[in-house]
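Data first, discussion second: the structure below is written as structure tokens.
No value in this document is a laboratory result; all are computed from the given coordinates. Predicted model, so just to flag it, every value in this text is computed and none were measured. Here the Cβ positions follow ideal geometry from the backbone for every residue, glycine too, while neighbour counts run over all protein chains shown.
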Amino acid sequence: MRATAEAVEGSKVRLSVEVDESEVDRALEQTVRKLSREVRVPGFRPGKVPRQVLEARMGGSGSLRTEALREALPEFYARAVAETEVDPIAPPDIDITAGEESGAVAFDALVQVRPVVAIPGYAGLQVTVPSLKVDDADVDAQVDRMRESDGELVEVTRKAKDKDNLTINLHAKTAKGDEVGPGDDYLYEIGSGTIVPELDDQLRGAKAGDVLAFNAPVPGQTDEVLAFSVLVKEVKEKHLPEPTDEWVAENSEFSTLEELRADVTERFRQVKLMQAQFAWRENSIGALVELVDDDDVPEVLIEEELRHRVHDLGHRLEQQGVTIEQFLGATGRDAESLIAELRIDALRGVKADLGLRALADAEDLQVNDTELEEQVAASADRLKVDPSELRSQLDRNGRMGEVRSEQRKAKALTWLLDHVQLVDEEGNPASRDELRVNSSDENRGDELEVSVDSQEREAETTSGEPS
């Protein structure tokens, strides 16, 4: 079999395929054997029906050949796709140009492929990432939270204010006279808002011995009111221990306050680093997405990506034992609004896919055969199948071209992250090297996975594993 590919107008490719007569004859024999097992003819056992009898029952040898070509053309087409490394995004229109009645067969397959989109200015993109600087105020606040756990309540005679802890007798009655509330000797922190907001308002400025009475609606309801009565028995403020080396040694794994602050600072920095790395990746993709015109995105790609996202959501909910109806009810959405949200995400994913492919073309980023085999082996390891078996399945299904394309996209994303201009929220240059701290090449490769994961989906489909 021989196949050639020719680009035609409208992001389409015409595959011209020639199939030798010997291959056609093998396909015809396979069809005869298949029909011989399936067709029930009086006087013949299944699998023993002669070819002449089958031809007679089907209306002649031409009908048998037509059936054989109908079954064989998808395989011939898949082989042609693999040979030319065309990346179809929709079913082909196939036109047999020779050999319908006898001899070698030739056919054309007109197939839609991904468009090559324009990404003007991709080499000068600027991306904002959070600063890695840790403010002293954040460290102070964290140390104070640790001191809070060791704080001591001390009674005071002044008026109560926020953060004070009051011992109160708290009672409330419904309109029917039913009593509710915590009762006597209840310890309450002003400003916590754990009862009703009006309680905090009343307690601010109160002193021991004060009796308060007020009405407030039941939380979450506007048509039912509670009548509150409060006796303030004690006002206490929390005294925090001094942040000394002695306190640190007694209450932490560190010996000095300096060591504790250094540890808190590093923890904050690690959080900021992860946030910045995530923003680096997501904002870089987002900037590239903005360069792709919506009008250049084929509807078939959006619908396919939307279908996958709906499937993935249903699969995740099923694993959690939640129905789609329960999910919609819990999130306050209907099916239409959910689909609309997923469609927006699908459009962004497809634009990212097309933008990265265009970048790979613009920078001539290629994947050699060694890299391709390494990717197949990695996918096989994840799917727990034999690499040679997976490679054969991908070849039979015409998907090796897509595997190569996915690898080129990964290289394109690496290039993008290496070349965007990074700035912090104030517009100051951000260090790319600092963002790569604690990130090995292997982990960085995982971070650079493209959001449109069609390669994994196809690998799972061809391996027979559930998606």
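Amide H contacts for A208 (H built 1.01 Å from N in the peptide plane; partners 5 or more residues away or on another chain; cut-off under 5 Å): V235. Net charge dipole, segment 70-209: roughly 780 debye, given to the nearest 20, about the Cα centre with Cβ charges of +1 for Lys and Arg and -1 for Asp and Glu. In segment 117-173, a dipole from Cβ-located charges (positive for Lys and Arg, negative for Asp and Glu) runs towards its positive end, and of H171, V154, S131 it is H171 whose Cα lies farthest in that direction. Estimated from the Cβ-Cβ distance and a Förster radius of 22 angstrom, the FRET efficiency linking E336 and D295 is about 0.35.
Using a simple spin-label model with pseudo-atoms 7 Å out from Cα toward Cβ, L187 and L313 lie 4.6 nm apart.
Net charge dipole, segment 195-354: roughly 480 debye, given to the nearest 20, about the Cα centre with Cβ charges of +1 for Lys and Arg and -1 for Asp and Glu. Each peptide in 27-34, 283-290 receives the mean, over its residues, of other Cβ atoms within 10 Å, and ordering these scores from highest gives 283-290, 27-34. The amide H of L153, built 1.01 Å from its N in the peptide plane, has H239 as neighbours under 5 Å, considering only residues 5 or more places off or on other chains.
Per-residue Cβ neighbour counts within 10 Å put K163, K409 in the sequence K163, K409, beginning with the fewest. For the pair R51 and R26, the difference between a 0.36 nm per residue extended length and the Cα-Cα distance amounts to 7.6 nm. If the chain linking K133 and F278 were pulled fully straight, counting 0.36 nm for each residue of separation and taking away their Cα-Cα distance, it would gain 50.6 nm. Between L372 and R269, residue separation times 0.36 nm minus the direct Cα-Cα distance comes to 33.3 nm. The string of couplings for segment 79-84 from the Karplus curve (6.51, -1.76, 1.60, θ = phi - 60°) is 5, 5, 4, 5, 5, 8 Hz, one whole number per residue in order, with x for Gly and Pro. On the basis of the beta-carbon distance and an R0 of 35 Å, Q320 and A78 show a calculated FRET efficiency of 0.40.
Under the convention that each Lys and Arg Cβ holds +1 and each Asp and Glu Cβ holds -1, the size of the dipole of the chain around its Cα centre is about 1820 debye.
Sorted fewest first by neighbouring Cβ atoms within 10 angstrom, D345, D295 come out as D295, D345.
For the chain, the calculated P(r) over all alpha carbon pairs, in 10 Å bins from 0 to the bin holding the longest distance, is 3, 13, 15, 17, 15, 13, 9, 6, 5, 3, 1, 0 percent. For segment 257-463, how big is the tail of P(r) above 32 Å, as a whole percent of Cα pairs? For segment 257-463, the fraction of Cα-Cα distances above 32 Å is 30 percent. Note that segment 181-187 has calculated 3J(HN,Hα) couplings of x, x, x, 7, 6, 8, 8 Hz, one per residue in order, obtained from phi through the Karplus relation 6.51 cos²θ - 1.76 cosθ + 1.60 (θ = phi - 60°); glycine and proline are x.
3J(HN,Hα) along segment 287-303, derived from phi through the Karplus expression 6.51 cos²θ - 1.76 cosθ + 1.60 where θ = phi - 60°, amounts to 5, 5, 4, 5, 7, 8, 6, 4, 5, 8, 9, x, 4, 4, 6, 5, 5 Hz, with x in place of Gly and Pro.
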